[in-house]
1. Given the structure, is VAL5 among the β-branched types (Val, Ile, Thr), open to solvent by less than 60 Å² (accessible area, probe 1.4 Å) and modelled with pLDDT of 90 or more?
2. Among the residues of region 102-113, are any assigned to a loop (DSSP other than H, G, I, E, B), at positive phi and open to solvent by 30 Å² or more (accessible area, probe 1.4 Å)?
3. I'd like to know if region 270-278 contains one or more residues that are more than 22 Å from ARG131 (Cβ to Cβ), open to solvent by less than 60 Å² (accessible area, probe 1.4 Å), in contact with a helix residue (DSSP H, G or I) (Cβ under 6 Å, 6 or more places away or on another chain) and not aliphatic (A, V, I, L, M).
4. I need a count of the residues in region 208-226 that are open to solvent by 30 Å² or more (accessible area, probe 1.4 Å) and outside any loop (DSSP other than H, G, I, E, B).
5. Residues GLY297, GLY326, GLY306: which one is open to solvent by less than 10 Å² (accessible area, probe 1.4 Å), at pLDDT 50 or above, more than 26 Å from ARG147 (Cβ to Cβ) and not polar (S, T, N, Q)?
6. Using the structure shown, decide if ARG91 is within 14 Å of LEU9 (Cβ to Cβ), open to solvent by 60 Å² or more (accessible area, probe 1.4 Å) and of a type in the set (Lys, Arg).
7. Name the residue, out of ALA279, ALA269, that is within 23 Å of ARG162 (Cα to Cα), modelled with pLDDT under 95 and either in contact with a strand residue (DSSP E or B) (Cβ under 6 Å, 6 or more places away or on another chain) or in a helix (DSSP H, G or I) (or both).
8. Is it the case, given these coordinates, that ALA173 is open to solvent by less than 20 Å² (accessible area, probe 1.4 Å) and assigned to a helix (DSSP H, G or I)?
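The values are calculated or read from the model by the stated rules, or taken from the named source; none is laboratory data. Source: prediction; values computed, not measured. Cβ coordinates were reconstructed from backbone atoms using ideal geometry, including for glycine residues, and neighbour counts include every protein chain displayed. Just the protein is used for accessible areas: all its heavy atoms, side chains included, with ligands, DNA and RNA removed. Shrake-Rupley method; radii C 1.70, N 1.55, O 1.52, S 1.80 Å.
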Amino acid sequence: MLERVKHLLPAELTAALARLSASAQASLEEIRIRENRPLEVWTGGGSAFVMADGSLRMEPDGAYKPTAEICRRLLERMTNHSIYAMEEELRRGYITVEGGHRIGLAGRTVLEDGKVRSIRDIGGFNLRIARDVAGAADGTLPMLLDRTRRSIASTLVIGAPRQGKTTFIRDIARSISYGRWRSTAAAGWPGRKVGIVDERSEIAASVRGVPTFDVGPRTDVMDACPKAEGMMMMIRSMSPEVLVVDEIGRDEDVEAIREAVRAGVSVIATAHAGDWQEAAARPALRRLLEEGAFTRGIVLRRAEAGLAVRVIEVNPSSPLAASSFGAVGAASRSAGHSPAAPREPTRHPPQEPADAR
């Protein structure tokens, strides 16, 4: 994974990370760079600090510390030597670069009328390495079918940060765009027109409007566009049958999803939450669940064996009650993380919902 992002890093940082073992380099997920403080990485095994000799330790003593000059050059590389051209990204606190990699930023905020206008004196960077995992949702897709409409049911995917939500919905979008429904019940179903609203440029990783990830032949992408506005633009201009959007939660997102559902468009969306009850308790999400905007829910949780996937039948009259269709003990490949062998589910054996049979 280091090969994918080393062009973004100053030579000193690249050299420090190149001393990691081959297995550590291959499983890199995040590189956390803090000025004059220990260099931290997240791998499939969790968090560790990078020592000068390339070893990884849980304690920061003796770790490599990037200097202020290294951090300055890092920022220049990430902004293409034009920090002022990235004013909007700085205001949001992150930059998305070619390949879908996202760099979170920490520093001193500049306020205007009580709102964040920009970030200066940036001394903290979190480089999240994007990766594509074809087949990540294969075992789950048959449980999301809407037989009546010969399409996918509107589905809310939830999980804590770093659980693979973006990788998961990208694979769903790709599969239904190709018409790969992964179920004999959907034999002969055509692929569907998919619209991705990619506010953070992470789902499709578009460069100058062209996706760099394979998101399917029937997929259109609205890149770097606010979610609510992008959904309405897609509906008006591209007539999607399925909309895909990441990290919903604001009131304007709720209204846009309502409009999409009223227009007969299926919506695949993600939201941050530790479990289903936590998601359903959030006011904006609860309104959508009570109105029946989503008929399926997915809870993603990383486990030692890979990615545990739980599929939920949404009950609008009691959205906090999570009635499971089934579970996949580990996705066919860990969604965006270290590959792992599948394990058998212990409670809810995989099955197709009644309307998918």
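1. On the way: among the β-branched types (Val, Ile, Thr): yes; open to solvent by less than 60 Å² (accessible area, probe 1.4 Å): yes; modelled with pLDDT of 90 or more: yes.
When the stated conditions are applied, VAL5 passes them.
2. Here is the first cut: in region 102-113, the ones assigned to a loop (DSSP other than H, G, I, E, B) are 113.
Now drop any that are not at positive phi, which leaves 113.
Okay, now just the ones that are also open to solvent by 30 Å² or more (accessible area, probe 1.4 Å), so 113.
Yes, region 102-113 contains a residue that is assigned to a loop (DSSP other than H, G, I, E, B), at positive phi and open to solvent by 30 Å² or more (accessible area, probe 1.4 Å).
3. No: zero hits.
4. Qualifying residue count for the region: 5.
5. On the way: GLY297 fails: more than 26 Å from ARG147 (Cβ to Cβ); GLY326 fails: more than 26 Å from ARG147 (Cβ to Cβ).
None of the other options fit; the residue is GLY306.
6. Working: within 14 Å of LEU9 (Cβ to Cβ): no; open to solvent by 60 Å² or more (accessible area, probe 1.4 Å): yes; of a type in the set (Lys, Arg): yes.
For ARG91, the condition - within 14 Å of LEU9 (Cβ to Cβ), open to solvent by 60 Å² or more (accessible area, probe 1.4 Å) and of a type in the set (Lys, Arg) - is not met.
7. Details: ALA269 fails: modelled with pLDDT under 95.
Among ALA279, ALA269, only ALA279 is within 23 Å of ARG162 (Cα to Cα), modelled with pLDDT under 95 and either in contact with a strand residue (DSSP E or B) (Cβ under 6 Å, 6 or more places away or on another chain) or in a helix (DSSP H, G or I) (or both).
8. yes
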